[in-house]
Every structure is written in structure tokens, then in C-alpha cells.
């Protein structure tokens with residue numbers, strides 16, 4: 001479908017992931033397997049789902065993955 005690396009939303013989401021990793025480094029060590037892990041996993045799922053959706057064959061599939069991405073952004077915000 002599309003080269004996901006040319007999508008601005010993908011580029012911005014990669015920046016977000018980098019910032020999340022930098023900021024969660026200062027979290028308490030007892031949170032490494034709970035809160036830190038959850039935040040990082042939801043952040044990395046954003047560009048991952050954009051990339052996976054872009055690799056699908058149809059716009060409908062791409063849109064489905066963008067909806068999953070939106071869910072991950074809500075999870076991260078929470």
C-alpha cells in the first residue's frame with residue numbers, strides 16, 4: 001500500500017516512542033514490570049500498527065489498523 005516511513009504520523013509516533021523511553025527511565029525501579037512496561041508497550045504499538053496497516057493490501061485494512069492505533073493512543077494517554 002504505502003511506504004510507512006514516508007508517513008508523517010509514523011515519523012511523529014517514532015519520536016513519541018523515543019520520548020516515552022527517555023521519560024520512563026526516571027520511573028521508580030519497582031514499576032519496571034508494571035506501569036513502565038505498559039506505557040512503553042502502548043507507545044511502541046502506535047508506529048507498529050501504522051507500519052503493519054500500511055503493508056496491507058487495501059485501504060479498509062489500513063483503516064482497521066489505524067483504528068487499533070487510535071486505541072493504543074487512548075491507552076497511552078490513560
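The values are calculated or read from the model by the stated rules, or taken from the named source; none is laboratory data. Since the model is a prediction, treat every value here as computed from it, not as a measurement. Positions of Cβ are generated from backbone atoms using ideal geometry, with glycine treated the same way; all protein chains shown enter the neighbour counts.
Just checking, does the stretch 28-35 include any residue being in contact with a helix residue (DSSP H, G or I) (Cβ under 9 Å, 6 or more places away or on another chain) and crowded, with 17+ Cβ neighbours inside 10 Å? No; the residues of the stretch 28-35 include none that is in contact with a helix residue (DSSP H, G or I) (Cβ under 9 Å, 6 or more places away or on another chain) and crowded, with 17+ Cβ neighbours inside 10 Å.
Residue count for the stretch 1-22, restricted to those that are surrounded by 12 or more Cβ atoms within 10 Å (Cβ to Cβ) and either under 17 Å from residue 78 (Cα atoms) or in contact with a helix residue (DSSP H, G or I) (Cβ under 7 Å, 6 or more places away or on another chain) (or both): 12.
A quick yes/no check of all residues on (1) within 17 Å of residue 71 (Cβ to Cβ); (2) assigned to a loop (DSSP other than H, G, I, E, B); (3) at pLDDT 95 or above:
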{"site": "9", "(1), (2), (3)": "yes, no, yes"}
{"site": "16", "(1), (2), (3)": "yes, no, yes"}
{"site": "21", "(1), (2), (3)": "no, no, yes"}
{"site": "26", "(1), (2), (3)": "no, yes, no"}
{"site": "42", "(1), (2), (3)": "yes, no, yes"}
{"site": "45", "(1), (2), (3)": "yes, no, yes"}
{"site": "48", "(1), (2), (3)": "yes, no, yes"}
{"site": "51", "(1), (2), (3)": "yes, no, yes"}
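Scanning the stretch 53-70 for residues that are in a loop (DSSP other than H, G, I, E, B) and surrounded by 15 or more Cβ atoms within 10 Å (Cβ to Cβ) returns a single hit, 56.
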